[in-house]
Amino acid sequence: MERLPGFRDFYPEPLPHTDVWSADARQFVFNHWRETARRYGFREYDGPPLEPLELFTTKSGDEIIGQLFDFVDKGKRHVALRPEMTPTLARMVAAHERNYKKPIKWFAIPQLFRYEKQQKGRLREHFQLNADLIGETDPAADAELIALLIDTLRAFGLTAEDFVIRLSSRNAWQSFFESRIQNPESRVEKACEFFQIIDKLERTAPEESEKKLAVLGIPLAQVNEFIKSGKPTVELESILQNLTARGLRDFVKIDYQVIRGLAYYTGVVFEAFDRKGEFRAIAGGGRYNNLVKLISGGKVDLPALGFGMGDVVLLELLKARGLLPKFDSTMDVFVLIEDENLRGISLKLVHDLRAAGYAVDYPLTLAKPDKQFKRAQDLKVAHTVRVESDAYVRVRKMKTREEIVAGFADAANHLG
């Protein structure tokens, strides 16, 4: 029986095959995500992996259905596995925002699912750090979120030579667009098409982009000139000054080629890329001031911004840069049971050491002493402990082979 295409098996290290993923590396990533978010004052939340289909079509339109794992459940409800976390967050905030002081700073590490073509850096499921700040319109909130993104990547040992945050603004592009489309009615009609063209500039032949823009009455040369100028707007300049004060300016550059294709972005947008250009975007996000209002049917209106960082590209980048540690066993102690008459009191020792916070293993059944010691070596434990009587134990430090005899109740004090 094989796993489904686009999904992953996570095994403990050492990995049995190159076609599987490391559960230890995944936990390593999760720990860094959680710790950095905690330092920034973000609180963890979560939601159900299965939601009403309407939650996602309300945000993204019916065209998203082709990218989802959706079905009609036994209650005749049309549901879908979550392809992203932000709609769930918006639903949760809209339901209980009065119970939380603003701004709300929350993060989550959901597993997300999309039924789409597999390619490098993109599977049909992935885990993702979602960090969102809700209830603040000032650019200081944007700077805070971007700083969190930068420090999250720095927590893995990545530097300004490894990645860059490409910072842009939908407002800047909106002003550019409106200055060239004078008829207000035409603006509404052409805006979506314009933003889609800009979003695909880097992936489309210049001749094709020029042809599409010409239909809108906008020369490609003017678009390229605007991008090349890289002149920050007032809001972007405020963010840059904020990040400069933190000592993070080297991690950010203005890049108007970033526009974020998702229609709900309303202001500042940004994406993180590796400097060598070897991978897809590491992370991306921006301001989405209308989503909570949309999801709540107009009952709750709160500004919001956030970003998502997937584990697939991040793990590929860390592996390529040699920044994943060697994941050895985390076992502290192996209790040897060479005399079956002492198994009962040995089990008491195992339980006491575990209660004291140590990771402890032992032979579940009768085994020869040399086989037990080999098991301890394979687990790379720091100590072995053998009960010698109901009063004494023998503690051995595996690194130096030094041994001491200690009182039964005092064993934990000799494991430092």
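In whole percent, how big is the carbon plus sulfur part of the accessible area of the chain, probe 1.4 Å, protein atoms only? Working shown, then result.
Details: 10780 of 21680 Å².
C and S fraction of accessible area: 50 percent.
Taking 0.36 nm per residue of separation and subtracting the current Cα-Cα distance, fully stretching the chain between K326 and H17 would add 109.6 nm. Against the chain, whose longest principal axis is taken from its Cα atoms, helix 184-199 shows a tilt of about 40°.
Under a model in which nothing but the beta-carbon of Lys, Arg (+1) and Asp, Glu (-1) is charged, the chain shows a dipole of about 120 debye around its Cα centre.
Normalised per residue, the accessible area of the chain is 52 Å², obtained with a 1.4 Å probe and no contribution from ligands, DNA or RNA. What angle, in degrees between 0 and 90 and rounded to the nearest 10, separates the Cα long axis of helix 343-355 from the longest principal axis of the Cα atoms of the chain? Once rounded, one gets 30 degrees. Placing unit charges on the Cβ atoms only, positive for Lys and Arg and negative for Asp and Glu, gives segment 332-416 a dipole magnitude near 340 debye about its Cα centre. Could you tell me how many degrees, from 0 to 90 and to the nearest 10, lie between the Cα long axis of helix 369-378 and the main elongation axis, the longest principal axis, of the Cα atoms of the chain? Taking the Cα atoms of the chain, the angle to 369-378 is about 20 degrees.
Each stretch of four or more DSSP H residues adds -39500 (n - 2.57); spread over every residue of the chain, this sum gives -11000 deg cm²/dmol at 222 nm.
Where Lys and Arg each count +1 and Asp and Glu each count -1, what net charge lies around I104 among other residues with Cβ under 10 Å from its Cβ? Provide the component values of the computation, followed by the final result.
On the way: positive: R43, K101, K102, K105; negative: E97, D132, E136.
Within the 10 Å Cβ shell, the charges total +1.
Among residues other than E403 with Cβ under 12 Å from its Cβ, the summed charge is +3 (Lys and Arg +1, Asp and Glu -1). If you take all other residues with their beta carbon under 11 Å from the beta carbon of S296, and give Lys and Arg +1 and Asp and Glu -1, the sum is +1. For segment 82-106 versus segment 8-71, the spacing of their alpha-carbon centroids is 17 Å.
Largest mean-square fluctuation among A272, A245, A23, in a Gaussian network model of the chain whose springs join Cα atoms under 10 Å apart, belongs to A245. Cα centroid separation, segment 167-231 to segment 286-319: 24 Å. In the elastic network of the chain, a GNM with C-alpha springs shorter than 10 Å, the most mobile of D328, D62, D370 is D370.
The values are calculated or read from the model by the stated rules, or taken from the named source; none is laboratory data. Since the structure is predicted, the reported quantities are computational estimates derived from the model, not experimental observations. No Cβ is skipped: glycine too gets one built from the backbone with ideal geometry, and neighbour counts run over all protein chains shown. All accessible areas refer to the heavy atoms of the entire protein, side chains included, with ligands and DNA or RNA removed. Shrake-Rupley method; radii C 1.70, N 1.55, O 1.52, S 1.80 Å.
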